[in-house]
Amino acid sequence: MNEKILIIEDEKEITDLIEMFLQNENFQVFKCYSSRDALMLIKNESFDLAILDVMLPDGNGFELCKLIREKHTYPIIMLTSKTEGIDRVTGLSLGADDYVTKPFLPLELVARVKAQLRRVHHYDGKENNTSETIMVMGLFLNKTSHVCNLNDKTIKLTPTEFSILWLLCKNRGKVFSADEIFRQVWGEKYFKNSRNTVMVQIRHIREKLNDTGNKPKFIKTIWGVGYIIE
């Protein structure tokens with residue numbers, strides 16, 4: 001593996017625990033305990049994934065997530081000690097790909113890290129040497145290069161957003177329920193908060209495609225059923 005993982009968490013015991021489990025899987029681990037240190041490291045180092053705590057001593061993880069997303073598309077997993085859904089929705093809305101609620105099992109976090117990286121590898125062509133492209137109503141997707149263009153304008157998508165959009169475009173005309181999307185994109189069983197997770201990601205894709213009106217051109221909602229690109 002040897003992918004570079006950035007941990008941004010102010011609780012040293014938690015950071016060290018995550019580091020130990022990730023290093024056991026041969027990941028390279030970098031640690032920061034504040035937003036300031038993280039921004040400096042992000043500026044000078046490239047990463048494959050970031051694990052980001054919501055509560056930091058010099059700010060909040062939401063703002064840092066937003067800043068990371070301005071220049072980087074690698075997966076972000078948010079850590080939160082709160083159980084309110086608003087934290088999860090806020091993180092996903094700002095570009096996070098997944099979230100884990102404290103306390104958590106380290107092996108669960110490692111599994112989520114691997115799932116996110118598998119998706120990146122798949123859509124970067126590391127597991128598929130042949131170029132696959134789709135064109136739908138001026139929307140162009142390249143599965144190998146992870147490129148998304150809309151009317152020749154580049155749209156920056158996170159790996160999760162690209163995965164959802166590719167799934168719907170590849171299966172144009174088919175309705176996918178939220179749990180079907182979650183199972184195929186996250187590679188995990190559906191759970192009670194999965195519907196909100198998918199809903200927020202769909203909303204974020206629509207915003208990036210400037211397609212948020214009452215009658216979206218691309219991803220349409222079939223109420224009580226799921227989502228479709230016709």
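The values are calculated or read from the model by the stated rules, or taken from the named source; none is laboratory data. The structure presented is a predicted model; accordingly, all values stated were derived computationally and were not measured. Heads up, the Cβs are rebuilt from the backbone with ideal geometry, glycines too, and the neighbour counts pull from every protein chain shown. When the accessible area is computed, the model is the full protein with side chains, heavy atoms only, and any ligands, DNA or RNA have been set aside. Shrake-Rupley method; radii C 1.70, N 1.55, O 1.52, S 1.80 Å.
Descriptive notes on the structure:
- Protection proxy ranking, highest mean first, for peptides 10-18, 25-33: 25-33, 10-18, where packing is the per-residue count of other beta-carbon atoms within 10 Å, averaged.
- The overall shape of region 13-64, judged from the alpha-carbon gyration tensor, is oblate: a/c is not under 1.5, and a/b is no greater than b/c.
- The separation of region 170-230 from region 34-66, counted between C-alpha centres, amounts to 28 Å.
- All other residues whose Cβ lies under 12 angstrom from that of Thr133 are scored, Lys and Arg at +1 and Asp and Glu at -1, for a net of +1.
- With DNA, RNA and ligands ignored, accessible area of Met55 (1.4 Å probe; Å², nearest 10): 100
- Largest accessible area first, the residues Leu105, Leu157, Leu39, Leu94 order themselves as Leu105, Leu39, Leu94, Leu157 under a 1.4 Å probe with ligands, DNA and RNA left out.
- Magnitude of the charge dipole, the chain, Cβ model with Lys/Arg +1 and Asp/Glu -1, debye to 20: 1040
- Largest to smallest accessible area among His72, His204 [probe 1.4 Å]: His72, His204
- The chain: calculated mean residue ellipticity at 222 nm from DSSP helix runs of at least 4, using -39500 (n - 2.57): -12500 deg cm²/dmol
- Solvent-accessible area, 1.4 Å probe, carbon plus sulfur percent, for the chain: 51
- Accessible area per residue for the chain, computed on protein heavy atoms with a 1.4 Å probe, is 50 Å².
- Count Lys and Arg as plus one, Asp and Glu as minus one, and take only other residues whose Cβ is under 10 Å from that of Leu94; the net charge is then +1.
- Other-chain or far-sequence residues with amide H under 5 Å of Leu56's (modelled H): Gly61
- Furthest towards positive pole of dipole, Ser145, Ala96, Gly61, structure part the chain, Cβ charges: Ser145
- Look at the alpha carbon pairs under 8 Å that are at least 6 residues apart: their mean separation over the length of the chain gives a relative contact order of 14 percent.
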